[in-house]
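Written below as structure tokens is the structure these notes are about.
The values are calculated or read from the model by the stated rules, or taken from the named source; none is laboratory data. Computed from a predicted model, the values in this text were never measured in an experiment. Here the Cβ positions follow ideal geometry from the backbone for every residue, glycine too, while neighbour counts run over all protein chains shown. Just so you know, the surface numbers come from the protein's heavy atoms only, side chains and all, with ligands and any DNA or RNA stripped out. Shrake-Rupley method; radii C 1.70, N 1.55, O 1.52, S 1.80 Å.
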Amino acid sequence: QVQLVESGGGFVQAGGSLRLSCAQSRIILSVFWSRAMGWYRQAPGKERELIAALTSDGKTNYADSVKGRFTISKDNNRKTWYLQMNSLKPEDTGVYYCVVDRDGSNVVPNDYWGQGIQVTVSS
């Protein structure tokens, strides 16, 4: 079973930045570079939504609410994925989940999930 661990969350004021990281705690899902991954967010009282995805060939998929502010990326050497979040707004508050998909072309990855990490943006 793939285990993913998110880090980098926390508390920030509106307008600030955070960078989330996602790494495999157990390297079971090999060929890191060939996987698709994404970040989901679940805001209080709302359903979980995909906010950013990255395919193995570099295609990105962003929710309208984060376009121009968030950037998804990966480091093949470190086998780590990132979500750079800039110009944060209070409505970005929620639990963020990283997801990896065995299908590198999937723009809505959903195979393996992390435990989630809290991001709180104050006004």
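Quick notes on this one:
- Residue in the stretch 86-104 that is out of contact with any helix residue (DSSP H, G or I) (no Cβ under 6 Å at 6 or more places or on another chain) and farther than 21 Å from S7 by Cα present: yes
- N76 meets each of the listed conditions (1) touching a helix residue (DSSP H, G or I) at 6+ places or on another chain (Cβ under 8 Å); (2) loosely packed, with under 15 Cβ neighbours inside 10 Å; (3) modelled with pLDDT of 95 or more apart from (3).
- Set V108, V99: member being open to solvent by 20 Å² or more (accessible area, probe 1.4 Å), out of contact with any Lys or Arg (no Cβ under 9 Å at 6 or more places or on another chain) and either in a strand (DSSP E or B) or over 29 Å from S123 (Cα atoms) (or both): V108
- From L4, L18, L54, residue being closer than 15 Å to G114 by Cα and of a type outside the set (D, E, K, R): L4
- Tally of residues being closer than 22 Å to Q13 by Cβ and in a strand (DSSP E or B) across the stretch 58-85: 6
- Against the test of being among the polar types (S, T, N, Q) and closer than 16 Å to W33 by Cα, the options N86, N106, N110 yield a single qualifying residue, N106.
- Meets criteria (touching an Asp or Glu at 6+ places or on another chain (Cβ under 7 Å) and among the hydrophobic types (A, V, I, L, M, F, W, C)) for A36: yes
- Within the stretch 1-45, being of a type outside the set (S, T, Y), modelled with pLDDT under 85 and open to solvent by 30 Å² or more (accessible area, probe 1.4 Å) holds for Q1, Q3, R26, I27, I28, V31, W33.
- Among residues of the stretch 83-108 that are modelled with pLDDT under 95, those with a beta-carbon under 7 Å from a residue that is open to solvent by less than 60 Å² (accessible area, probe 1.4 Å) and among the basic types (K, R) at least six positions away or on a different chain give the pairs V100/R35; D101/R35; R102/R35; G104/R35.
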